Every structure is written in structure tokens, then in C-alpha cells.
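Enquirer: Could you have a look at this structure, given as C-alpha cells, before my questions?
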Amino acid sequence: MSLGEEGATLRAMAHPIRLQIMALLTGASMTAAEVARELDLTHANASYHLRSLLSGGLIVLAGEEKIRGGVAKRYRYDAARDRPPQSPEEKGSLYAALGHELIRRSALGRWSAADGPPAPGLLGDGEFWIDPKTWRELHSTIATALRDLHEAARPAHTPGTIRTSTTVAMFEMESPDER
């Protein structure tokens, strides 16, 4: 990846709205107007963020359609085409952005149900010392589960679906003796 492409990707990830847009575009392709309505943005603001995501290679153009005499572009996030962050700066920016997004989403958490048992949740966190073979196996298992979630995603507000949040951050760490 060239320095210019890496910069575009970093800029695309630098805004919290863009992570929300990518989440919306996982379940369905959407136009700027549809993104604007869903996230309560102006059309111009949604278009700006979509262009940033597109130039950063984080979303793809999914087609065009004629709307009231004009042409609207449809965008989609394609997890199958996703590439992991490459540089240390890109990785750090993405993990920090995901941390902020988790804070936003947790404020929307359904921690109990008025008409039944608490809504299910799962939380795990830790710094683990694991042998490399087990690490690779677990990493692969969780990566497969994430792909399954992306493939199962439906458009926002689809009848019979529930809104969920999944954030996974797995990475190797330096050990104290490596410093």
C-alpha cells in the first residue's frame, strides 16, 4: 500500500460516524440519502463520509439507480474484501476508533428487558499468555464467527431482527522483556 493510500485509510477511520456507516453498509447497500436518514445526518454530511470511506478503500460502490431524475450511488461494506490494517499507525487508529465506538454502543445496550429475563450479553477481556498454535487456532475460530456475523447481517430495521453490537480486538502484545 502506498503512503497516500494508507493516509486515506487512516483518515477514513478517524471519524466515529464512519464506523457507524460501515456497520449500516454491512447489512445492505445504501445511498447517501438513506444513510443520512438512518443516522440523522444531512445528505451532504453523509455523502462526505461515504466519499472518505470509498477513497480509503473501506467500502465499495454497489451500483447506481435513478431517483427523481438524478442518479444515486449505492455503497456497501464487503467484509470479504476487507483487509487488515497494515501499519502500526493504521492499527492504532482503528483500535482506538473501535474503543470509542464501543463506548457509544454500550450506552445503547439493552441490559434488561421489562417483560422478561435480562437480554443476553457476552463480555470477555484479558491479557493471556498462550502458545502460538493455540493462538492461531482461536484467532481463526473467532475470525470465522465474525465472517458469519457479517454474512448474517440484514438491513437496519428488518422485521424479525434485533440490533446487536459485536466488537472484537485480538492482537499480539510485546512482552515486558521485549522493551
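Enquirer: Take the Cβ-Cβ distance between Glu65 and Ser112 as r, set R0 to 45 Å, and report the resulting FRET efficiency rounded to the nearest 0.05.
Expert: 0.60
Enquirer: Still on this structure: Given the options Leu25, Leu123, Leu39, which has the most mean-square fluctuation in a GNM of the chain, springs set between C-alpha atoms less than 10 angstrom apart?
Expert: Leu123
Enquirer: Here's something else I'd like to know. Roughly how far apart, in whole Å, are the Cα centres of region 126-179 and region 37-104?
Expert: 21
Enquirer: Sticking with this structure for a sec: So which aspartates and glutamates can Lys66 reach, going by Cα to Cα under 18 Å and dropping same-chain residues fewer than 8 places off?
Expert: Leaving aside aspartates and glutamates fewer than 8 places away in the same chain, those within reach of Lys66 are Glu34.
Enquirer: How many nm is it between the label spots at Ile130 and Ile17, if each spot is 7 Å from the Cα in line with the beta carbon?
Expert: Placing both labels 7 Å beyond Cα along the Cβ direction yields 3.7 nm.
Enquirer: Let me ask something else. Which sequence of Val168, Val71, Val35, Val60 reflects their accessible areas, 1.4 Å probe, from the largest down?
Expert: Val71, Val168, Val60, Val35
Enquirer: Determine the relative contact order of the chain: mean sequence separation of Cα pairs under 8 Å and six or more apart, normalised by residue count, in whole percent.
Expert: Relative contact order here is 25 percent.
Enquirer: For Thr166 paired with His139, estimate the spin-label separation in nm (one decimal), with each label point 7 Å from Cα along the Cα-to-Cβ line.
Expert: So the two model labels end up 1.9 nm from each other.
Enquirer: Within the chain, which is the longest segment that contains none of the chymotrypsin sites (Phe, Trp or Tyr not before Pro) sitting in a DSSP loop with at most 12 other Cβ atoms within 10 Å?
Expert: The segment 1-110 is the longest one with no such site.
The values are calculated or read from the model by the stated rules, or taken from the named source; none is laboratory data. Just so you know, these numbers come straight off a predicted model, no measurement behind them. So basically every Cβ, Gly included, is an ideal-geometry build from the backbone, and we count neighbours across all protein chains shown. When the accessible area is computed, the model is the full protein with side chains, heavy atoms only, and any ligands, DNA or RNA have been set aside. Shrake-Rupley method; radii C 1.70, N 1.55, O 1.52, S 1.80 Å.
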